[in-house]
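**Q** Got a structure for you, written out below as structure tokens; questions coming shortly.
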Amino acid sequence: MDFEVLAAPEIRELVMPGLRHDVAFYDGYVQAHLDRAPVPAVADLLVLSGTEDITATAARAEPWRDHSTGVVECLEVSGDQLFVDKRAAELTGLLTERLGAGPGEA
């Protein structure tokens, strides 16, 4: 990130209204949904995490099981948070294979 660009008042003036709007929208969405019980997806889920990703770990992928009534498969793939970019061909093959399977057959 080019911090010199962010230091320019003209750029901040241009960017900040949109950023403030996004934050306000998110806050409003969260507040509106705090009291609602989550509704699980009626679908199988494939949750991917990178073995070297320090934020989206395999342990953080597991709770996705609570958000689906279908089969939830959590897979770790080699790489960090950018594993999708670095292993696109392999992941495309994996997704193609999974999408070709029937529900619960992954």
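**Q** Quick one: in the stretch 58-80, of everything that is assigned to a loop (DSSP other than H, G, I, E, B) and touching a strand residue (DSSP E or B) at 6+ places or on another chain (Cβ under 6 Å), which residue is farthest from PRO38 (Cα to Cα)?
**A** GLY79
**Q** Just give me the residues in the stretch 42-73 being within 21 Å of ARG98 (Cα to Cα), among the charged types (D, E, K, R) and either exposed (fewer than 14 other Cβ atoms within 10 Å of the Cβ) or at pLDDT below 90 (or both), in sequence order.
**A** Matches in the stretch 42-73: GLU62, ASP66.
**Q** Shifting gears a bit: How about the stretch 74-89: which of its residues are more than 15 Å from THR55 (Cβ to Cβ), surrounded by 13 or more Cβ atoms within 10 Å (Cβ to Cβ) and among the charged types (D, E, K, R)?
**A** Listed by number, the residues that qualify are LYS86, ARG87.
**Q** Among the residues that make up the stretch 85-103, is at least one of them free of Cβ contacts under 8 Å to residues at least 40 places away in the same chain, in a helix (DSSP H, G or I) and within 28 Å of LEU6 (Cα to Cα)?
**A** Looking for residues that are free of Cβ contacts under 8 Å to residues at least 40 places away in the same chain, in a helix (DSSP H, G or I) and within 28 Å of LEU6 (Cα to Cα), one finds at least one in the stretch 85-103, hence yes.
The values are calculated or read from the model by the stated rules, or taken from the named source; none is laboratory data. What you see is a predicted model, and the numbers here were worked out from it, not measured in a lab. Virtual Cβ from ideal backbone geometry, glycine too; neighbours counted across all protein chains shown.
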